[in-house]
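Peer 1: A single structure is presented below for examination.
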Amino acid sequence: MIKAVVGANWGDEGKGKLTDVFAKESDIVVRFQGGNNAGHTIINDYGKFALHMLPSGVFYDHITNVIGNGVALNIPAFIKELNQLVEKGVPMPKLIVSDRAQIVMSYHILFDKLEEERLGKAQFGSTKSGIAPFYSDKYAKIGFQISELFDEQWVSDKLDRILPAKNILLEHLYHAEPLKKEDIYNELMEYRNLISPFVHDTVKFFQTSMDENKQILLEGQLGALRDPDFGIYPYSTSSSTLAFYGPIGAGLPYSIDEVYAVTKAYSSSVGAGPFVSEIFGDVAQELRLRGGDAGEFGATTGRPRRMGWFDVVATRYGCQVQGATHLVLTNLDVLGYLNEIPVCVAYETDGKRRDHFPNITRLDHSKPIIETLPGWNSDISHIRNYDELPENCKHYVDEIERMINVPITLVSNGPKREQILHRKSKLV
Ligand code: GDP
């Protein structure tokens, strides 16, 4: 059985919490794309954790955690996060890394920073973790797969091919110091030593796991609207954020049984790009401070998140491209302070009403069409049974489900594991 947890919006939807909730019943949790450029917040008995590189199953000793071939693996970040976990009393997790995963190099991070500086005001809002240069190199066939590190001559020859081109850019485009072959070679050998205890042929591992009917959880990073093909390109990330990339990025050639798309009960986004339902000023600040477990600030960068009302157009589209079989609504508790809750139900683009999420240039001209739903004006975070939610709160969920047309089967009313309510969907 394969389940995927993915984002229906721009990321930070609360996937980490949901993955943590599902992890209990899973045998294997897999990261299949992205790198340490985003973070999941998980709050459990060991404390509060922001995971960037590690799969969310690391808190359970019955789970094997897998970093798949589709991931941008930052080895120092991986080791640091692992050490932090163990220091906080978490038992050493079972963790394997695909021998086909590629490595984020220090020069990827350097190029990311230099390019954002060069672009100045026109920058993409990169987290400067080297992800775009990493994936560019991967597809230009000048990256390093972990398996390559075990052949020293191979590495040395490859560096002779790669470095001259990198150095021309560094010296003549960015006016920076060139890279020295010896330094990069030593970096790669150090990475090899650090990662070798974790390296496995994950394709083989998954073949056996499927034969043994294991429960596998694919853990997505960021959200549908950051997908390079179906998202808000070029304000997207550099690897596919979609559930159906999961089997490829994991090395698991089977179809997914259930896709859980996650969305907040309002919107938030980090980074640049059009965000139609965005709100500003005091109204945004109030929602920002009340949102999440400690305000809406990026788990990786600490940047204040951009805030908006729930966006039906973006979320419906996000669910469509995710192939969502379920929708999970998180952070519902956060809206308890509002008398009336604005919802973006459609867009107005160049004078026309639009229900379908448009392409980037039309998106840039779109304005939100807002309707309001009645608020419930109370704290719902202590409630453990969906039926006990205030009527207006259930009405809000019903309306969102009706407009998105994907069954909402789980609702999260707080950041903790136990703050999750099972709902009987009206669509099934
Ligand atoms: P992810 O990347 O999708 O896992 O999302 P993040 O962890 O970056 O952001 C979600 C934020 O919402 C975190 O601060 C979570 O602790 C918090 N969170 C998740 N679910 C809920 C919820 O139902 N209510 C509240 N108040 N916070 C939540």
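The values are calculated or read from the model by the stated rules, or taken from the named source; none is laboratory data. Quick caveat: nothing in here was measured; it's all calculated off a predicted structure. In this analysis, Cβ positions are derived from the backbone assuming ideal geometry, glycine residues included, and neighbour counts consider all displayed protein chains. Only protein heavy atoms, including side chains, enter the accessible area calculation; ligands, DNA and RNA are left aside. Shrake-Rupley method; radii C 1.70, N 1.55, O 1.52, S 1.80 Å.
Peer 1: Can you tell me the length gained on complete extension of the stretch LYS352 to LYS48, counting 0.36 nm per residue apart and subtracting the Cα distance?
Peer 2: Value of the extension gain: 104.9 nm.
Peer 1: Which residue, LEU389, LEU18, LEU225, tops the fluctuation ranking in a GNM of the chain built on C-alpha contacts under 10 Å?
Peer 2: Evaluated over the chain, the most mobile residue of the options is LEU389.
Peer 1: Listed here are the pairs LYS88/LYS166; LYS17/LYS141; LYS128/LYS166; LYS15/LYS426; which of them are more than 28 Å apart at the Cα?
Peer 2: Details: LYS88/LYS166 40 Å; LYS17/LYS141 36 Å; LYS128/LYS166 18 Å; LYS15/LYS426 23 Å.
Too far apart for the 28 Å limit: LYS88/LYS166; LYS17/LYS141.
Peer 1: So which trypsin sites (Lys or Arg not before Pro) in region 4-75 pass both tests, a DSSP loop state and at most 14 other Cβ atoms within 10 Å of the Cβ? Each step should come with its number before you reach the end.
Peer 2: Values: sites: LYS15, LYS17, LYS24, ARG31, LYS48; in loops: LYS24.
Sparse-neighbourhood loop trypsin sites (Lys or Arg not before Pro): LYS24.
Peer 1: So which aspartates and glutamates pass the test for LYS181, namely a Cα distance under 12 Å, with those fewer than 8 places away in the same chain ruled out?
Peer 2: Those aspartates and glutamates meeting the cut-off are ASP157, ASP160.
Peer 1: Work out the length of the dipole vector of the chain about its Cα centre, built from +1 on the beta-carbon of each Lys and Arg and -1 on the beta-carbon of each Asp and Glu, and round it to the nearest 20 debye.
Peer 2: I would put it at about 360 debye.
Peer 1: Cross-chain or 8 or more residues apart, Cα under 27 Å: how many lysine pairs in region 262-422 fit that? Count them up, please.
Peer 2: Step by step, the pairs that qualify in region 262-422 add up to 5.
Peer 1: Along the Cα→Cβ direction, 7 angstrom out, place labels at ASN213 and ALA165. What is the inter-label distance in nm?
Peer 2: Placing both labels 7 Å along Cα→Cβ, they lie 5.0 nm apart.
Peer 1: Excluding ligands, DNA and RNA, what is the solvent-accessible area per residue of region 125-227 at a probe of 1.4 Å, expressed in Å²?
Peer 2: Averaged over the residues of region 125-227, the accessible area is 51 Å².
Peer 1: Compare TYR174, TYR107, TYR396 in a GNM of the chain, Cα atoms joined below 10 Å, and give the one with the largest fluctuation.
Peer 2: The residue that fluctuates most here is TYR174.
Peer 1: For the chain, find the longest principal axis of its Cα atoms and tell me its angle to the long axis of helix 312-322, 0 to 90°, nearest 10.
Peer 2: With rounding to tens, the tilt is 40 degrees.
Peer 1: Determine the dipole magnitude for region 141-184: charges of +1 sit on the beta-carbon of Lys and Arg, -1 on that of Asp and Glu, nothing else is charged, the reference point is the Cα centre, and the result goes in debye to the nearest 20.
Peer 2: Numbers: 6 positive and 9 negative charges, 43 e Å.
The calculated dipole for region 141-184 is roughly 200 debye.
Peer 1: For region 8-131, give the share of DSSP beta bridges that are antiparallel, in percent and rounded to the nearest 5; count only bridges with both residues there. Intermediate results must be reported in sequence, preceding the final value.
Peer 2: Details: 5 of 15 bridges.
Antiparallel: roughly 35 percent of the beta bridges in region 8-131.
Peer 1: Note down the nm distance, to one decimal, between modelled labels 7 Å out along Cα→Cβ at LYS141 and at ASP282.
Peer 2: Each label point is offset 7 Å from its Cα along the Cβ direction, giving 6.1 nm.
Peer 1: Here's another thing I want to ask about it. Using the Karplus curve 6.51 cos²θ - 1.76 cosθ + 1.60 with θ = phi - 60°, what ³J(HN,Hα) values do you get for each residue of region 219-233, in whole Hz, with x for Gly and Pro?
Peer 2: Values per residue, Gly and Pro as x: 10, x, 10, 6, x, 3, 7, 9, 5, x, 8, 9, x, 9, 3 Hz.
Peer 1: Once the Cβ-Cβ distance between ASP151 and ARG417 is put in as r, and R0 is 41 Å, what FRET efficiency do you end up with, to the nearest 0.05?
Peer 2: Numbers: r = 44 Å, r/R0 = 1.08.
Efficiency, from the Cβ-Cβ distance: 0.40.
Peer 1: How about region 145-179: which trypsin sites (Lys or Arg not before Pro) there lie in a loop by DSSP and see at most 15 other Cβ atoms within 10 Å? Before the final figure, lay out each step's value.
Peer 2: Details: sites: LYS158, ARG161, LYS166; in loops: none.
Listed in order of number, the matching sites amount to none.
Peer 1: Right, something else. Go ahead and run the numbers for FRET between HIS175 and ARG362, Cβ-Cβ distance against an R0 of 25 Å, rounding to 0.05.
Peer 2: In this case the efficiency is close to 0.05.
Peer 1: For ARG402, project a label point 7 Å along Cα to C-beta. Then give me every residue of region 338-354 with its amide nitrogen under 19 Å of that point.
Peer 2: Zone members listed by number: 340-347.
Peer 1: Sticking with this one: Compute the FRET efficiency between LYS204 and TYR337 as 1/(1 + (r/R0)^6), taking r as their Cβ-Cβ distance and R0 = 45 Å, and round to the nearest 0.05.
Peer 2: Efficiency for this residue pair is about 0.30.
Peer 1: I've got another one for you. I need the GluC sites (Glu not before Pro) found in region 345-428, filtered to DSSP loop residues with at most 12 other beta carbons within 10 Å of theirs.
Peer 2: GLU418
Peer 1: On a straight-distance basis, which lysines could pair with LYS121 in a cross-link, Cα separation under 16 angstrom, same-chain partners fewer than 8 positions away excluded?
Peer 2: By straight Cα distance, LYS121 reaches LYS113.
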